[in-house]
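No lab work stands behind these numbers, since they all come straight from the coordinates. What you see is a predicted model, and the numbers here were worked out from it, not measured in a lab. We place every Cβ from the backbone using ideal geometry, glycine too, and count neighbours over all the protein chains shown.
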Amino acid sequence: MKMANRIGIGLALLLLMALAACTGSRVELIRQITPLSVRGVNYMPRQTPWGGMWTQTPPEVWEKDMALAASLGCNTIRTFLHFGANLERAGLVNPDGTLTPAYRAKIEQLLAAAWRHGIRVIVCFEFSPEWLAAPDAAARWQRALTDVVGVHRSDGRVLLWDLMNEPEDDAKWTAATRAYLHAALPFIKGLDPNHPTTVGLTWRVDRLAEVGLPDVMQYHEYAPKQTLLAEGARRLLVTFGNQRKVGGARPLLVGEFGMSTARDSEHGVAPELRPKMGAAPGTEAEQARLYEVVLAGAAQGQAAGVLAWCLYDYPIKNPNESHFGLVRGDGSLKPAALVLRQAFTRWSKQ
């Protein structure tokens, strides 16, 4: 064989190896979720949250945002894959539930951007109520899960499959939701025995027990701010105990926690939006104290970790939801971001 041919083949092999590394095939799978190992945030882009995440977000935004999350000490994000009529209209999902090449490419772009910054992804599936209530619901969600879970069954950039966000809320706890959860847990395990499963609960673990328990228990800590700030970490330990009565020795993850800072006098919402505020929003100082409480409780209770809600404030007119972020609209960090980074730095050394 000529030297030029050998060099060409060698370069081709190196290129293939590099591509394999970029696509995550060389990323080690995490099968055991150990205490304080999940250090992260819930993520949607600032300018295009919720439905716009997959339909409007340029890939360079994901790159920038993952770098920001990593700078806060995060090794995980939790984010949402949407399935419904709006994704069909956008050309990302087919009517039969399968993903189009465009959606698959977007998912790959996000996973790749996250992993370039040492971040794994908890993928939470969000099927619209209309999809889950349709006569062919099972066939559709099975195709969707096959196109995501089956494709990424050996992908170490994925940490957990999250079957649904807060399904046990009264409005969502329908017969269709229960049927999906009951069937989807074993279905995912059949597709992918490598990744653990979870379900993000507000707190009603008794309802989840009706349909089956995932590998990793997860609840969202939104006790009233007055309660958390008054009772401190012991409030979380009581909740952990209640969750573990049902979940047993399974890892327990605080999948969401936080506080809107819309009431802050300097960085809160505009005066005309203040009458729309409920009791929950507070100041940035209160948010930082709440973070201290939750992070201390997670450490004392040996939780698997925490995922703050959320990375950014969002440019929306609802003051009860717009200011949960660690990062203000102008890009500067709130005091809670510094609290989070300090805790994650300590945890990473344990």
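In what sequence, highest mean first, do 280-287, 338-345 appear when ranked by Cβ atoms within 10 angstrom?
Details: 280-287: 20.5, 338-345: 18.1.
Per-residue Cβ counts within 10 Å, averaged per peptide and sorted highest first, yield 280-287, 338-345.
How much FRET efficiency would the formula 1/(1 + (r/R0)^6) give for residue 64 and residue 109, where r is the Cβ-Cβ distance and R0 is 22 Å, rounded to 0.05?
Values: r = 13 Å, r/R0 = 0.58.
The calculated FRET efficiency here is 0.95.
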* Structure fact -> Spelling it out for residue 200: with amide H atoms placed in the peptide plane at 1.01 Å from N, the residues 5 or more places away or on another chain with amide H under 5 Å from its amide H are 163, 164, 166
* At residue 330 and residue 174, where each label point lies 7 Å from the Cα along Cα→Cβ, what is the point-to-point distance in nanometres? -> 4.4
* Assigned charges on the beta-carbon of Lys, Arg, Asp, Glu; the stretch 36-348 dipole about Cα centre (debye) -> 580
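Before rounding to the nearest 500, sum -39500 (n - 2.57) across all DSSP H runs of length at least 4 in the chain and divide by the residue total; then give [θ] at 222 nm in deg cm²/dmol.
On the way: 13 runs with 150 residues, N = 350.
My calculation for the chain gives -13000 deg cm²/dmol from helical runs alone.
Would you mind calculating the gained length between residue 116 and residue 238 on full extension (0.36 nm times residue separation, minus the Cα-Cα distance), in nm to one decimal? Show your work: numbers first, answer last.
Details: separation 122, 0.36 × 122 = 43.92 nm, distance 3.77 nm.
Taking residue 116 through residue 238 to full extension adds about 40.1 nm, to one decimal.
Say R0 is 30 Å: what FRET efficiency, to the nearest 0.05, do residue 130 and residue 204 get from their beta-carbon distance? Provide the component values of the computation, followed by the final result.
Numbers: r = 24 Å, r/R0 = 0.78.
Efficiency, rounded to the nearest 0.05: 0.80.
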* Structure fact -> Given a Förster distance of 25 Å, the FRET efficiency implied by the Cβ-Cβ spacing of residue 338 and residue 302, rounded to the nearest 0.05, works out to 0.55
